[in-house]
Amino acid sequence: MADSTAASRPAKAQRGTPGPTSSKTTGAQSGRPDGVAPIAAADVDELGRLEAELAPFKAKISRRDAIRKNLREAYSKADALQQFELKGEKFVAIIGPRGNERIINFKELAKKIGIKAYAAFATCTLKALGEHVPEDVASQVVSYEYSGPRDITLVPRAE
């Protein structure tokens, strides 16, 4: 879907630069805005050490996750209650039964409580909106706001 609301979108702050209401700080506590919980310098240092220790394994973790995803997808249409075994030369993978999930019948819910009550709390993903709504309509109802997760970049301190 093309972005016809780009002009109304707030400019994205460049990585490493403070946003419109933030300030650069040198210590874990200095310059902390109101409402932000204190963070121990030891936590910042521990996070830095953990990131450095795990960095060499990022590619392996990513590959492991991709293989697990492929195994699950291979059995996605198999009997949900059945367990399967895959034998490798050195390992056996046990593909367990599907987990139990609660599913809402949205059409039935809307019938029972009425569309107005349903609309008061119903949500829609951007993906579903793009798949089921014309682009010109979607562009009129999608807006941008600073609500996503914050990036955390760890940089060794020069002492």
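The values are calculated or read from the model by the stated rules, or taken from the named source; none is laboratory data. Since this is a predicted model, take the numbers as computed values, not measurements. Reconstructed Cβ throughout: ideal geometry from the backbone, glycine too, with neighbour counts over all protein chains shown.
Observations on the structure shown:
- Note on segment 99-124: residues that are loosely packed, with under 11 Cβ neighbours inside 10 Å, more than 30 Å from residue 72 (Cβ to Cβ) and aliphatic (A, V, I, L, M) total 3.
- Which numbered condition residue 74 fails, given (1) closer than 30 Å to residue 155 by Cβ; (2) modelled with pLDDT of 95 or more; (3) small (Gly, Ala, Ser): (1)
- Only a single item in (1) closer than 30 Å to residue 44 by Cα; (2) among the charged types (D, E, K, R); (3) over 26 Å from the mean Cα position of the chain (by Cα); (4) not in a loop (DSSP other than H, G, I, E, B) is not met by residue 159, and it is number (4).
- Count of residues meeting criterion [in contact with a Ser or Thr (Cβ under 9 Å, 6 or more places away or on another chain), in a loop (DSSP other than H, G, I, E, B) and either within 21 Å of residue 50 (Cβ to Cβ) or of a type in the set (D, E, K, R) (or both)] in segment 121-156: 0
- Filter result (over 25 Å from residue 104 (Cα atoms) and touching a residue at least 12 places away in the same chain (Cβ under 8 Å)) within segment 117-135: 135
- Some residue of segment 97-117 being in a helix (DSSP H, G or I) and in contact with a Cys (Cβ under 9 Å, 6 or more places away or on another chain): no
- For residue 149: the one exception among (1) free of Cβ contacts under 8 Å to residues at least 12 places away in the same chain; (2) surrounded by 10 or more Cβ atoms within 10 Å (Cβ to Cβ): (2)
- Some residue of segment 41-54 being without any contact (Cβ under 8 Å) to a residue 24 or more places away in the chain and assigned to a loop (DSSP other than H, G, I, E, B): no
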